[in-house]
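One structure below.
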There are 2 protein chains.
Amino acid sequence: MSKGKKFVEKVTAMEDDFGQWYTDVVKQADLVDYGSVRGTMIIKPYGFALWENIRDELDRQIKETGHSNVSFPLLIPESLLQKEKDHVEGFSPEVAWVTHAGDEKLAEPLVIRPTSEVLFCEYYSNNIHSYRDLPMLYNQWANVVRWEKTTRPFLRSSEFQWQEGHTAHATYEEAAEETEKMLNMYADVCENYLAMPVLKGKKTDKEKFAGAEYTLSIESLMHDGRALQAGTSHHFGTGFAEVFDIRYLDENGDQQLVHQTSWGITTRLIGALIMVHGDNSGLVIPPRIAPTQAMIIPIAQHKEGVLDKAYDLRDQLKDIVRVDIDGSDNMPGWKFNESEMKGYPVRIEIGPKDIEKEQVVLVRRDTGEKEFVPLSELEARLPVLLEEIQQNLFDQAVTHREENTNSVTTLDEFKQTLDEKLGFIKAMWCGDEACEDEIREVTGATSRCIPFEQEQIAETCVCCGKEAKEMVYWGRAY
Amino acid sequence: MSKGKKFVEKVTAMEDDFGQWYTDVVKQADLVDYGSVRGTMIIKPYGFALWENIRDELDRQIKETGHSNVSFPLLIPESLLQKEKDHVEGFSPEVAWVTHAGDEKLAEPLVIRPTSEVLFCEYYSNNIHSYRDLPMLYNQWANVVRWEKTTRPFLRSSEFQWQEGHTAHATYEEAAEETEKMLNMYADVCENYLAMPVLKGKKTDKEKFAGAEYTLSIESLMHDGRALQAGTSHHFGTGFAEVFDIRYLDENGDQQLVHQTSWGITTRLIGALIMVHGDNSGLVIPPRIAPTQAMIIPIAQHKEGVLDKAYDLRDQLKDIVRVDIDGSDNMPGWKFNESEMKGYPVRIEIGPKDIEKEQVVLVRRDTGEKEFVPLSELEARLPVLLEEIQQNLFDQAVTHREENTNSVTTLDEFKQTLDEKLGFIKAMWCGDEACEDEIREVTGATSRCIPFEQEQIAETCVCCGKEAKEMVYWGRAY
């Protein structure tokens, strides 16, 4: 229930300045506040409730597939981080260093985890002995610190919340299966809960995780046509196992290296959610993850019986949907604006006339459509309406992505298409990193992924004209 | 399901060396492993599942009483920490300092939060304007770092997981009510879920939280007679509000300072749980928070039909209790030991004879008692048995505390009693810190709390002989 605020400020129109629109929405919808340390954020109750809903669904699926939650330390000794060459090169420019504790200088500096591969590897090295210990399927929900130069709430922050899975397997194939399984789980949560369609594919070597054999990712298109990497899943092969000496005795009594994976999603998903579904009135939250699915707003609440009836309605509905009521003394118009800003999927209006007619008015956040529903039918109608909204949000996002995905065959066409309107570009690639670099330089786009679903757009690489290996999605990205 | 380990090592007997017994149990019951940074711990799947059960119940109660979860940053600028004098003096000897990020030295050093009062205060200062904004009831589940000299898993670690509530209220009385409400919530979780009786009371000024007006705590007695502080709830009055300028406009339009509280419990509760209920065979977990409430152990599982029947039993019971099955190829005796080490409340044995008689054998972890239960009655019997175990564990702990609590009236008697056998000491106190210091020096005991339930043991202070103000619980503590 909101109380006290006297007006809702308007947000900048997204057509005028998408970046400012985003910043306005995250602030005015009460999702975050800025922390006092550069690039950090305070996730406020509404923002955190969103995260809890995403987390709880994913956590359920992670456990259902046999993974166990654990808690590993925040701090990593310098010597441990430096064991794997690619990994330390990838992360050391952005780690925070702990050098002192109390009054004393530490004998060895520590880094705050930017990710926890090396900690899990050290543990696996000590705890995996036999094929009977495998697979080892661990996950943790944790905070990590990466000292980024430019930051934005949810999208890129110095500290963020995430989930990091770390697994060890007997064979390359089992690890490959796990890598894909977890990517599919992320895609499921994004598509079926966040109503956010994603492309599934493999990162190019240039864009893969520091230390991985390969990285899979899901990629999504934001409202402004920029791409966003929404989750990644890495296959490490035996790279880390060799460095950290993680071996097991197989059934024949021979020593073997384990094959590892790691995979993660972060609070960044909230940023994606905002930029996929939001509009100029504020957030639009998909019903399945909405902390409040329906907000009751009494009309003419000073009239006898209105407030009582509204509270009765809340009690009646509270086991059916996540419902709240705005019984504050703000004007209904203010409450409507606030309800839109927060992106509650449905607004339920009830006033003296409705009470007389034994009905309520349901207003959809996604389309603005109104419908009059008899009180006797409300309990049946509301869950159905929420599912309709969920589906519509997903369909809209798919349509938006389709309308903003273009196939190109030359670099000129590539650049011209993006300069006209941002979106995904589909283009063939020879597999050479030099072409990737040149494409970036010329068009500002990076390779997003080599999609599992391939198409043969042309015979030759969009950049060098040599024989093409595969079709790649490109885009300017967050 | 356990697999692979070939034998269960014996733990040191608690009568021989309680500290070693504790260390053996946390390791052998697979609760934790040591992190590579001194004093840090890796909470393994079984330990973390325990924490999740405690957390989920408390989180439910925290939300039910109108509090919202949030996420505040990990790092605190030095200047912010130093704003409140007592607070910084209390914590600065044990904070970890971040001085560099990437290659650069930071303009201002940062500390990793040892607790987050100053961050919440800064936020409240910016976000509380009117009486309509109050009360502000926030909570977060987070990790904190305190660089302790001597560490032990769960009991005192350099980093630990906890929950910290931070609230702001319009009046002193409302804040006092909140302080007590949250202490009662902790007591409820300890007594009704962890089956761990607690004393509720107020800390002396010497023992209160750095920056608090007063601190309430719950205190529990471990198996070895040492006391353990299991949770604290602090009333800050307007102390922080003055320093951080946290004011609101009251209904008359006058500026007022807010009154604040904070309260927390930590992974330490797992340590308490171990030391209250554990025995020389390992852990004993109270059913209400046990990740596995009943472990099915097939007997002669190589015989036809036994394993199938055992798995059927698991499927039949899994919606009634948290049940698992040990279908590994270890010997039943090994499985019994493992089941005892892990402290599963009930072991369900099923073998060929039981199948013939259409029964199972239930073995209680707390008493070792066996009972033969017809399969047709098992679904009804099991939940009742789990409640009996829950109650018995609580009753046993109450009895242990009563048998190890003594009233004394002189310092000699105080010392002699403790030297003979550790436990709680009840003694009168004049309220003077000098006496508190002398008692500690002579007896090794600190004041645990001034209990809400007072008794008049004597007229005079146990130390100085002057007029006594109140009865205090004392003890040697963890």
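Quick notes on this structure:
- Among the candidates A:GLU242, A:GLU180, residue that is more than 12 Å from the chain's Cα centre (by Cα), in contact (Cβ under 8 Å) with a residue 24 or more places away in the chain and assigned to a helix (DSSP H, G or I): A:GLU180
- So B:ASP315, is it surrounded by fewer than 22 Cβ atoms within 10 Å (Cβ to Cβ) and on the phi < 0 side of the Ramachandran plot: yes
- Taking the conditions (1) in contact with a Ser or Thr (Cβ under 8 Å, 6 or more places away or on another chain); (2) over 30 Å from B:PHE154 (Cα atoms) in turn, B:ASN337 satisfies each one other than (2).
- If you filter segment A:370-380 down to residues that are without any contact (Cβ under 8 Å) to a residue 12 or more places away in the chain and part of a helix (DSSP H, G or I), you find that the one that is least open to solvent (accessible area, probe 1.4 Å) is A:ALA380.
- Test: residue in segment A:134-146 that is touching a residue at least 24 places away in the same chain (Cβ under 8 Å), open to solvent by less than 10 Å² (accessible area, probe 1.4 Å) and farther than 19 Å from A:LEU119 by Cβ: no
- Taken together, B:ASP419, B:ASP354 contain a single residue that is at pLDDT 95 or above and not assigned by TED's automatic domain parsing to the domain that holds B:ALA300, which is B:ASP419.
- Taken together, the residues in segment A:127-157 that are more than 10 Å from every other protein chain (Cβ to nearest Cβ) and either touching a Pro at 6+ places or on another chain (Cβ under 6 Å) or part of a strand (DSSP E or B) (or both) amount to 2.
- Those residues of segment A:425-474 which are on the phi < 0 side of the Ramachandran plot and among the small types (Gly, Ala, Ser), in sequence order: A:ALA427, A:ALA434, A:ALA445, A:SER447, A:ALA458, A:ALA468
- The number of residues in segment A:149-159 being open to solvent by 10 Å² or more (accessible area, probe 1.4 Å) and closer than 22 Å to A:PHE48 by Cα comes to 6.
- Test: residue in segment A:222-237 that is of a type in the set (D, E, K, R), under 17 Å from A:GLY475 (Cα atoms) and more than 14 Å from every other protein chain (Cβ to nearest Cβ): yes
- Selection from segment B:318-353 of residues that are farther than 19 Å from B:PRO45 by Cβ and open to solvent by 60 Å² or more (accessible area, probe 1.4 Å): B:ASP319, B:ILE320, B:ASP329, B:MET331, B:ASN337, B:LYS353
- Qualifying positions in segment B:354-369 - open to solvent by 40 Å² or more (accessible area, probe 1.4 Å) and either outside any loop (DSSP other than H, G, I, E, B) or at positive phi (or both): B:ILE355, B:GLU356, B:LYS357, B:GLU358, B:GLY368
- Among (1) at pLDDT 95 or above; (2) more than 8 Å from chain A (Cβ to nearest Cβ) - the single one B:VAL8 does not satisfy: (1)
- Considering the conditions (1) open to solvent by 30 Å² or more (accessible area, probe 1.4 Å); (2) touching a residue at least 24 places away in the same chain (Cβ under 8 Å), B:TRP263 is excluded by exactly one of them, (1).
The values are calculated or read from the model by the stated rules, or taken from the named source; none is laboratory data. Since the model is a prediction, treat every value here as computed from it, not as a measurement. Glycine also receives a Cβ, built like all others from the backbone with ideal geometry; neighbour counts cover every protein chain displayed. All accessible areas refer to the heavy atoms of the entire protein, side chains included, with ligands and DNA or RNA removed. Shrake-Rupley method; radii C 1.70, N 1.55, O 1.52, S 1.80 Å.
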